[in-house]
Amino acid sequence: MTRLIKQAELNELGLVHRTIRESFMEYEGKLLPQSGALRETEESIRREFEAGGGAVIVWEGTEPIGTAVYSFKDTYMYIGRVSVKPAWRGKGIGREIMSYLEAFAGERGFVETEVGVRLSIPGNVSFYAGLQYEVREHLFYAEGTDSWYVMRKLLG
């Protein structure tokens, strides 16, 4: 089969939403506060599109196997909800998504990308560090039960 990463269309928001949910279901009931990915809705994704952002879908043949949502800020592109279905993890798909979106940001004149990475999922911190993302800020949830890093990468 052939893997393809493409920009999601408005009529594919349901696929984006389902892929995010399937990819984050393992964290349901395990994180406090709950992962924002599990609170995501088709409508919240649609609002990202309406605000000028978007999403990508990774296809393996006719199956959506990964996704990510992005938005443009003043000087950088924010990349969120990077999602790979469990059966497809460990195959470089997350790296492919990030590489695609970093190139996409650069083509639009942005010199930096940003992600938010929850510390209770340490594998994600090391994943982004391995992609040359650097911690810029350490923030805490109001509940005091968890925290996250704001990580950025200079493109170029």
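Using the Cα centre of region 70-119 as the reference point, and only Cβ charges (+1 on K/R, -1 on D/E), how large is the resulting charge dipole? Debye, rounded to the nearest 20. Provide the component values of the computation, followed by the final result.
Working: 8 positive and 6 negative charges, 83 e Å.
Charge dipole, region 70-119, about its Cα centre: 400 debye, nearest 20.
Can you send over the solvent-accessible area of LYS91, 1.4 Å probe, protein chains only, in Å² to the nearest 10?
Roughly 110 Å² of LYS91 is accessible to a 1.4 Å probe.
For the chain, what is the mean residue ellipticity at 222 nm derived from helices alone (per DSSP H run of n ≥ 4: -39500 (n - 2.57); sum divided by total residues; nearest 500 deg cm²/dmol)?
Working: 5 runs with 49 residues, N = 156.
Taken over the chain, the calculation gives -9000 deg cm²/dmol.
With every protein chain left in place and a probe of 1.4 Å, what is the accessible surface of THR2, to the nearest 10 Å²?
110
Evaluate the charge dipole of the chain about its Cα centre and quote only its size in Debye, nearest 20, assuming +1 on the Cβ of each Lys and Arg and -1 on the Cβ of each Asp and Glu.
The dipole of the chain has a size of about 300 debye.
Shape of region 1-50 from its Cα gyration tensor (a ≥ b ≥ c, root eigenvalues): rounded if a/c is under 1.5, otherwise prolate when a/b > b/c, or oblate?
Working: a/c = 3.14, a/b = 1.43, b/c = 2.19.
Note, shape of region 1-50 comes out oblate.
Per residue, how large is the accessible surface of the chain? Use a 1.4 angstrom probe and give square angstrom.
Per-residue accessible area for the chain comes out at 52 Å².
In percent, what relative contact order does region 1-102 have, based on Cα pairs under 8 Å that are 6 or more apart in sequence? Let's see the in-between values first.
Details: 156 pairs, mean separation 30.4, N = 102.
The value is 30 percent.
Carbon and sulfur: what percent of region 71-153's accessible surface (1.4 Å probe)?
Working: 2190 of 4320 Å².
With neighbouring chains kept in place, the figure for region 71-153 is 51 percent.
Is there a quick way to get the dipole size of region 1-91? I mean about its Cα centre, with the Cβ of Lys and Arg at +1 and of Asp and Glu at -1; what is the value in debye to the nearest 20? Let's see the in-between values first.
On the way: 13 positive and 13 negative charges, 61 e Å.
Dipole of region 1-91, to the nearest 20 debye: 300 debye.
Calculated FRET efficiency, GLU137 and LYS91, Cβ-Cβ r, R0 25 Å, to nearest 0.05?
Numbers: r = 31 Å, r/R0 = 1.24.
The formula returns an efficiency of 0.20 here.
Separation of region 1-41 and region 117-135 by C-alpha centroid, Å?
Region 1-41 and region 117-135 have Cα centres separated by 19 Å.
The values are calculated or read from the model by the stated rules, or taken from the named source; none is laboratory data. Everything numeric here is computed off the predicted structure, so don't read it as measured data. We place every Cβ from the backbone using ideal geometry, glycine too, and count neighbours over all the protein chains shown. Accessible surface areas use protein heavy atoms only, side chains included; no ligands, DNA or RNA. Shrake-Rupley method; radii C 1.70, N 1.55, O 1.52, S 1.80 Å.
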